[in-house]
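Down below is the structure, laid out as structure tokens.
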Amino acid sequence: MFIHNQMERNYHKQQDAIKQRVMEIGVDTAVEITKILNEEILKGGEIQEDNSAIWDGWLHKKDNEDWQAMLIAMRELMREYPRFFKQRDMDILDTVWETLQSKGNVERVLDTKKYKGTAWRAIHTVREVVCRCWDLYLPNSDGSKRQKVDDFFEFN
């Protein structure tokens, strides 16, 4: 009985460590895409859907596990701080989650032609939520373009 209890405790510790690591990866991923998008907005104004820096530099590289980790972190943030989320944010993130769950056999489902629009809406939703958390008002518009981007972000 003692060995069984010890094994069970070890199992739960391992599971907790895995959950913690998934959260860390998810938060890092959300912060990474937010910074990339914000820098693009500051440099060039409104981001166009064919932006190669975002597609080639980020979206084409992310697989389902990256997306799932980010969505798990966003769901936890939503649970802890619902004030940062609008209903449409939750709807978009739920749609992405359902897409990932139903198309699990495709390694990069959100990088397929059918779901690129979903991926595009999702990264902008994540950016908007993270910006709300940071109390940063930076709309995706030409009016947000800055002459100098250096040192705009004080949080790293």
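The table for this structure:
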quantity: Odd one out for TYR137 among (1) in a helix (DSSP H, G or I); (2) loosely packed, with under 13 Cβ neighbours inside 10 Å; calculated: (1)
quantity: Long-range neighbours under 9 Å by Cβ, at least six apart or interchain, first residue among the basic types (Lys, Arg) within the range 89-103, second surrounded by 12 or more Cβ atoms within 10 Å (Cβ to Cβ) and not in a helix (DSSP H, G or I); calculated: LYS103/THR112
quantity: Filter result for the condition that a residue is at pLDDT 90 or above, in a loop (DSSP other than H, G, I, E, B) and farther than 19 Å from ASP111 by Cα, over GLU76, GLU46, GLU40; calculated: GLU46
quantity: Enumeration of residues in the range 107-134 that are polar (S, T, N, Q), surrounded by fewer than 19 Cβ atoms within 10 Å (Cβ to Cβ) and out of contact with any Ser or Thr (no Cβ under 8 Å at 6 or more places or on another chain); calculated: THR112
quantity: Filter pass, GLU98 being surrounded by fewer than 16 Cβ atoms within 10 Å (Cβ to Cβ), outside any helix (DSSP H, G or I), over 12 Å from the mean Cα position of the chain (by Cα) and among the charged types (D, E, K, R); calculated: no
quantity: Residues located in the range 49-73, provided they are over 24 Å from SER144 (Cα atoms) and not in a helix (DSSP H, G or I); calculated: LYS62, ASP63
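The values are calculated or read from the model by the stated rules, or taken from the named source; none is laboratory data. Since the model is a prediction, treat every value here as computed from it, not as a measurement. All Cβ positions, glycine included, derive from the backbone under ideal geometry; neighbour counts span all protein chains shown.
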